[in-house]
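What follows is a single structure, written as structure tokens, with notes after it.
The values are calculated or read from the model by the stated rules, or taken from the named source; none is laboratory data. As the structure is a prediction and not an experimental result, all values here were calculated from the model. A quick note on method: Cβ atoms are made from the backbone with ideal geometry, for glycine too, and the neighbour counts reach across all protein chains shown. The area values use the complete protein model at the heavy-atom level, side chains included, leaving out ligands, DNA and RNA. Shrake-Rupley method; radii C 1.70, N 1.55, O 1.52, S 1.80 Å.
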Amino acid sequence: MTGLSHAAAAARLSEVGPNALPEAPPPPWWQRVVAQFRSPLIYILLFALLFDLGVWVYEGASGWPVEALAISLILLFNAALGLYQERRSEAALARLKALAGAQAWVYREGALVRLPVHALVPGDVVRLEAGDRVPADGVLRESAGVMLDESVLTGESMAVDKSAGDEVFSGTLLVRGKAQLEVTRTGARSAMGRLATLLGGIESAQTPLERRVDDLGRQIARWVLVLAVTLGVAGLIGEGLSRAPHIIIFAVALAVAAVPEGLPAVLTVALSLGVERMARLKAVVRRLSAVEALGSVTVIATDKTGTLTESLMEVRTLDALDGPRALTAMTLANDADLSTGAGDPMELGLLRFAAAGGVDVAMLRQRHPRVSERPFDSAWKYARVTVQDGGGTISYLKGAPEVMLGRCALSESDRTSWNGKAEAHAREGFRVLAVAMGDGEREEGLSLLGLVLFWDPPRPEVTGAVTTALAAGIRVIMITGDHPATARAVATLIGIPGERVLTGEALDGLEGAPLQEAARDVNVFARVRPEQKLQLVELLQAQGAIVAMTGDGVNDAPALKRSDVGVAMGQRGSDVSREVADLVLLDDNFATIVGAVEEGRSIYENIQTFLRFLFSTNLSEVLVVAVGAMAAFAFGMRDDAGALLLPLTAAQILWINLMTDGIPAIALAFDRTPGVMGQPPRPADAPLLDRASLRFVLEAGVGKAVLALAILALVPWLGYGTDVARAATFHFMAIGQLLLTYPARHTWTRPLPNRYLHVAVASGVVLQAVVAIVPVTARLLGSAALPVELWLLVLGGAAVAWAWAELCSRFTWRHHAASSGPGHPA
């Protein structure tokens with residue numbers, strides 16, 4: 001098969017365009033900006049802005065509309081933050097889409113090359129195998145046992161037979177057999193015209209975690225609204241209608257400060273950063289919901305070949321009755337292409353061994369053209385190729401030893417002897433393949449040619465990854481189609497515990513309690529059929545496990561879809577397995593799964609850190625304002641201008657909210673916490689804030705509020721005016737909240753130093769000093785000048801608040817670890 005030349009293909013590609021529908025253009029920038037203002041919280045802010053501007057104009061437009069300017073800054077900052085996280089998220093998803101895009105084996109200038117599906121053009125000849133999605137409309141030039149699932153076009157669930165000369169359409173699925181397809185129509189001209197959606201789509205809908213966070217935000221907003229209305233009504237009663245505009249603006253500012261409006265943006269940034277880091281680890285996330293599920297995984301059910309091992313599949317030796325014939329069978333019962341590296345790793349290994357044994361692969365295949373074949377399928381566990389031989393035909397077969405030996409014409413003693421040999425080789429860790437031959441298209445009464453012994457060594461990094469997973473409370477299960485002795489030998493080498501191996505045949509004989517016990521206790525399953533993977537997933541989930549399952553074949557798709565995290569192989573996986581998977585491994589490596597689990601846990605830990613920081617600081621603000629306002633109402637406390645003495649002005653509350661809930665909070669998303677794999681898996685139904693986090697929020701928030709109220713009361717006692725006291729409280733609250741980012745990060749794990757956070761906190765402290773010193777900003781924020789000794793009081797108070805929060809953090813997590821039992825990290 002020659003195929004197109006590269007030059008001809010390039011010319012056709014420029015003429016007909018890529019093999020995909022043109023994507024819809026992104027919305028214009030102004031629509032993106034407007035979209036940032038569509039939320040209930042923003043509507044409240046816009047109402048407050050217009051209300052304040054109206055009051056300012058009504059009063060003669062004298063001076064600066066301080067609250068209106070502060071609210072405008074809040075709105076602009078939130079819009080900029082929303083645009084930033086939106087662009088970052090879209091860019092990350094676009095990169096993931098490119099990484100997860102489907103590829104195909106295509107004949108170009110006589111050689112098989114691996115190309116992205118969008119590069120196909122009419123006239124290309126594509127090689128298809130079971131599990132491949134048909135990448136474009138075309139005609140089958142060669143067909144061997146092809147069955148096609150056309151349900152995406154017809155709605156019929158039954159696969160249909162196809163033979164050479166039949167037309168097939170893009171988007172349909174090859175469920176069995178092999179074929180060569182000549183492409184006739186691509187892209188928008190094809191019958192489906194939806195390849196980008198089918199093969200390359202990355203789900204970007206809200207994750208369950210994002211929905212839970214939104215629900216939490218709405219609950220908080222309702223309580224805060226009640227508090228704001230209560231304070232507003234109390235203020236109107238105490239001050240009268242003459243101060244109504246200022247009281248209303250103050251109440252709205254309090255509501256804005258208490259509601260975690262930065263939470264969705266930080267959550268999106270955390271998820272985007274996480275999936276980008278996973279992509280660098282060669283794990284491509286197809287569904288964002290998988291990121292949070294990874295942090296809860298309790299079982300990793302993994303294939304052996306290529307995932308735990310290197311998939312080198314080098315033939316170590318040939319235990320043959322007829323060496324030359326065995327080499328011929330290894331060459332002819334084979335679809336791999338040694339010159340391009342296309343094909344199954346095992347078949348490539350067979351060709352390399354045959355070539356090293358003196359076989360001219362190309363000439364032998366030319367002398368014995370293929371007549372018919374039965375492709376390998378897990379249902380029968382062997383493959384047959386029938387070729388011309390002189391004036392007749394002869395068949396060569398390869399497959400599992402126990403199946404092939406049963407089809408060979410052997411005496412019982414010989415069959416027992418060869419089975420014993422296969423078992424002994426498998427116990428040494430070899431993968432064993434039997435080869436045989438027969439006249440015509442015979443598949444029974446065959447002549448045994450020998451046993452081929454493959455050595456597929458474990459990946460060097462897998463033993464460490466298994467150890468890490470076990471230490472993290474994750475059970476590792478091997479599920480393989482290989483021989484049980486081979487599976488046990490490899491499991492022992494890489495550290496999977498347990499001596500018992502259960503075969504698929506033995507699994508069929510179990511039910512009830514023994515079946516449940518096997519799912520709970522056995523860690524190595526061999527000679528397992530793909531449908532039994534689904535059974536094991538369901539058994540494990542019924543026992544409460546959160547399961548990550550690997551798979552690469554078309555028949556693995558149900559198990560991948562049913563598992564909590566379906567993991568497909570990027571190098572050797574079928575199109576259909578990648579489509580249903582949540583995660584695609586670009587390197588097919590088990591260690592990458594463990595790395596992705598660690599990343600999933602880190603993302604959740606960062607979100608928990610942000611929640612602890614946000615709610616503890618917001619709680620301190622609400623307490624300071626609420627308690628201070630109630631005290632002012634009760635005791636008739638007035639500021640220097642004769643107005644009711646409120647602990648913070650509306651402008652000051654909004655400024656604190658702007659400065660601390662933005663950049664410093666986002667910087668927390670860059671935290672790296674290596675210790676997360678020293679913890680047990682997080683329950684899938686765990687609350688967003690666990691008991692220990694709630695305790696920290698209460699203790700740190702109340703402690704900081706007490707210190708703020710103490711400063712508010714102490715400064716007038718030292719002989720300064722009430723405006724100075726309010727200014728000192730304002731600066732303490734702002735700087736103290738910035739410093740609270742550090743203790744909020746500390747649980748039983750300690751994250752690595754975060755330079756982004758250091759820069760954000762330091763910049764915030766400097767900015768706070770600048771707005772206090774510069775007359776214009778100080779006047780806008782209603783902040784009186786502070787003498788040096790009060791700055792020392794502010795900074796000392798912030799340091800005390802920091803130290804108190806650190807003490808709360810250490811005591812809380814040690815107490816929580818002790819009360820959680822002996823297995824919990826302390």
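Taking amide H positions as modeled 1.01 Å from N, with prolines and chain starts lacking one, the residues under 5 Å from R176 and 5 or more places away or on another chain are G131, M147. Extension gain for E531 to R114 (0.36 nm times residue separation, less C-alpha to C-alpha distance): 147.1 nm.
Label-to-label distance for D360 and R32 is 6.2 nm, based on points extended 7 Å past Cα in the beta-carbon direction. Helix 691-717 and the longest principal axis of the Cα set of the chain meet at an angle near 20°. A 1.4 Å probe run over the chain, with the rest of the protein chains in place, finds 41 Å² accessible per residue. Scaled against the 2.2 N^0.38 Å expected of a compact globular protein of N residues, the Cα radius of gyration of the chain reads 1.20.
The simple spin-label model puts a point 7 Å past each Cα toward its Cβ; for T230 and E412 those points are separated by 8.9 nm. Taking Rh as the Kirkwood radius computed over C-alpha pairs, what is the Stokes-Einstein D of the stretch 499-579 at 4 °C in a medium of viscosity 1.567 mPa s, expressed in µm² per second? Approximately 99 µm²/s, per Stokes-Einstein. If R0 equals 30 Å, the separation of the Cβ atoms of A513 and A684 corresponds to a calculated FRET efficiency of about 0.70.
Compared with the dominant Cα axis of the chain, that is its longest principal axis, helix 484-494 is turned about 40°.
Using a cutoff of 8 angstrom between alpha carbon atoms and counting only pairs six or more residues apart, the relative contact order for the chain works out to 12 percent. If the segment from Q543 to S14 were pulled out straight at 0.36 nm per residue, it would be longer than the present Cα-Cα gap by 184.9 nm. For V706 and E461, the FRET efficiency from 1/(1 + (r/R0)^6), where r spans their Cβ atoms and R0 equals 51 Å, is about 0.50. Ligands, DNA and RNA left out, the 1.4 Å accessible surface of the chain is 61% carbon and sulfur atoms.
Computed extension gain for M630 through I773, at 0.36 nm per residue and net of the alpha carbon distance, reaches 48.4 nm. When the charge dipole of the chain is built from unit charges on Cβ atoms (+1 for Lys and Arg, -1 for Asp and Glu) and taken about the Cα centre, the candidate among S311, L712, S809 whose Cα reaches farthest toward its positive end is L712. The calculated FRET efficiency for T184 paired with D161, based on their beta-carbon distance and R0 = 22 Å, is about 0.60. Taking the C-alpha atoms only, the angle from helix 345-356 to the longest principal axis of the chain is near 40 degrees.
With the charge dipole of the chain set up from +1 on Lys and Arg Cβ and -1 on Asp and Glu Cβ about the Cα centre, the Cα lying farthest toward the positive end among the listed residues S272, A785, L397 is that of A785. Pairs from the table (K282/K561; K282/K381; K304/K381; K162/K304; K381/K533) lying more than 26 angstrom apart at Cα are K282/K381; K162/K304. Our helix-only sum for the chain, with -39,500 (n - 2.57) per DSSP H run of n ≥ 4 divided by its residues, gives a mean residue ellipticity at 222 nm of -17000 deg cm²/dmol.
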